[in-house]
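Colleague: One structure is given below, represented as structure tokens, and several questions about it will come after.
Please treat every number below as a calculation from the coordinates, not as lab data. Model, not experiment: these values are computed from the prediction.
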Amino acid sequence: MSLTVEAALKDANHQILDTSTLVRVVLSGRRRNMTTEFERIDIRPVEIKGGVQLQVSHNDGRATTVKNIVPDTDAVAKLLEGGYSNILVEHIEGSMSIRITKSGEAHVHHEKKSLEQNLSHDKKKARLLDPSDPFLLEVGISDHKGLIKASKRDKYLQVEEFLRLLAPTLKAAIEAGQIHRPTEENPLKIVDLGCGHAYLTFAAHQYLHSIGVAVVVTGIDVRTASRDRNNSIAENLGITSTINFRAEEIATTTAQQADVAIALHACDTATDDAIAWAVNGGAKLLLIAPCCHHDIQRQMLESPEPWGALTKFGLMKERLGDLLTDSLRSQILRIMGYRVEAIEFIGGEHTPRNLMIRAVKTQAAPDPVDIQRYTQMCAEWGVRPALEGKLASFFIG
Ligand SMILES: C[S@@+](CC[C@H](N)C(=O)[O-])C[C@H]1O[C@@H](n2cnc3c(N)ncnc32)[C@H](O)[C@@H]1O
């Protein structure tokens with residue numbers, strides 16, 4: 001059904017204000033010749049001090065901002081008139097969706113369905129890992145009561161947020177044909193480089209199996225004590241046919257090539273070893289959360305002007321060194337035919353090392369601009385990233 005925008009928004013406003021039935025509202029897209037303040041706004045009713053308010057949230061790509069407003073015609077109209085072209089209003093008996101076309105018409109669609117309203121204020125993220133899963137007890141994250149140990153809470157959250165990115169990235173890469181569809185006969189090969197106590201290694205194995213993805217997971221760590229401990233946990237869990245651990249240097253590991261390479265806080269240039277091993281072996285997907293960065297820091301002896309204004313402060317120089325290291329790594333990956341993103345995978349309160357490099361192999365030919373930027377950055381700073389020398393083929397120029 002087509003309506004004028006004014007009539008459609010009035011109808012939506014009316015439905016949103018009926019907080020006894022409202023489930024949620026999503027505002028997205030952009031109307032022609034209009035700008036929106038946020039890419040998307042989510043609204044839902046929440047119970048606060050015995051009354052119902054509207055919880056309005058939006059994300060700027062890094063953090064989600066949430067504010068509660070009193071349901072009121074003018075406040076809702078302001079949101080609805082914020083330039084969004086798609087408006088979805090769900091209530092307990094169905095939904096109303098409005099699409100505002102380029103010619104300024106409102107196409108309205110109503111659908112009947114039964115939905116549940118949740119007025120709880122703190123809508124907790126659904127946990128991917130059940131704290132009472134035996135593997136969490138075995139690796140030492142949970143205690144015998146099935147509760148996360150206070151000392152392991154940050155690591156548990158890091159692992160869970162890592163998985164929250166791994167699973168959809170994997171799904172998208174499989175759907176795009178960038179990674180084969182895993183089967184029991186041809187499972188996905190995942191290698192965790194610098195796995196330590198293997199919290200992430202076991203979690204990836206358990207979680208992916210739980211959602212029906214056939215995987216064989218290998219954990220590599222230079223420490224023999226880690227290998228022995230982790231293999232013995234795998235035995236206790238009865239999963240040795242699909243998970244194994246090796247005590248080897250990443251750079252010289254005998255592990256076979258992987259479809260997916262993951263690394264969580266592999267120290268300094270061990271992260272470069274991990275990226276190089278994955279790229280040299282043709283891994284299709286890399287999720288790498290680096291740790292300390294000393295390689296480039298050590299090489300930053302003279303700053304090209306005007307950056308001296310920044311590097312004269314030790315703290316800023318260190319942070320810039322971290323960013324320079326990860327941007328050069330990302331640039332190398334781009335040149336090697338990967339699509340690369342840098343993501344904050346968890347809030348800084350859980351670890352200051354919260355940047356993740358996510359790279360998907362696309363086989364795209366390197367963009368000359370990327371090569372030029374890379375060579376220029378290295379030349380201006382007088383640095384040569386460790387990663388460059390570890391790659392079997394890295395020819396530029
Ligand atoms: C900071 S810990 C992180 C462990 C684990 N990924 C986690 O997040 O809990 C880094 C691990 O990398 C291992 N490591 C460092 N350099 C390595 C290398 N060159 N080859 C293999 N393992 C290495 C260390 O032994 C250590 O267990």
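Colleague: Compute the relative contact order of the chain as a whole-number percentage, counting only Cα pairs closer than 8 Å that sit 6 or more residues apart in sequence.
Modeller: 11 percent
Colleague: A follow-up question, please. Would you kindly calculate the mean projected area, averaged across all directions, of the convex hull enclosing the Cα atoms of segment 269-365, in square nanometres?
Modeller: Across all orientations, segment 269-365 yields a mean hull projection of 7.0 nm².
Colleague: For the Cα atoms of the chain, what angle does the longest principal axis make with the long axis of helix 5-17, in degrees from 0 to 90, nearest 10?
Modeller: 80 degrees
Colleague: Taking the chain as the reference, fit the longest principal axis to its C-alpha atoms, fit the long axis of helix 153-175 to the helix C-alpha atoms, and give the angle between the two in degrees, 0 to 90, nearest 10.
Modeller: Around 80 degrees separate the two axes.
Colleague: Among the lysines, which fall within straight-line cross-link reach of residue 10, defined as a Cα-Cα distance under 27 Å, with same-chain neighbours fewer than 8 residues apart omitted?
Modeller: Hits, sequence-local ones excluded: 67, 78, 102, 112, 113.
Colleague: Tell me which aspartates and glutamates have Cα within less than 18 Å of residue 390's Cα, excluding those fewer than 8 residues away on the same chain?
Modeller: 248, 249, 268, 272, 273, 295, 326
Colleague: A follow-up question, please. How large is Rg over Rh for segment 268-313, taking Rg from the Cα atoms and Rh as the Kirkwood inverse mean of 1/r across Cα pairs?
Modeller: My calculation puts Rg/Rh at 1.16.
Colleague: Continuing with the same structure: Mind checking the alpha-carbon convex hull of segment 134-389 and giving the volume per residue in Å³?
Modeller: Convex hull volume per residue, Cα atoms: 129 Å³.
Colleague: Just to be sure I understand: if I project the alpha-carbon convex hull of segment 79-207 onto a plane and average over all orientations, what area do I get in nm²?
Modeller: For segment 79-207, the mean projected area of the Cα convex hull comes to 13.5 nm².
Colleague: Rounded to whole Å, give me the distance from the Cα center of segment 1-70 to that of segment 173-235.
Modeller: What the calculation gives is 41 Å, centre to centre.
Colleague: Now a separate question. Over segment 32-108, one equal point on each Cα, no solvent: what is log10 I(q)/I(0) by the Debye formula at q = 0.12 Å⁻¹?
Modeller: Cα-only, vacuum Debye calculation for segment 32-108: -0.40.
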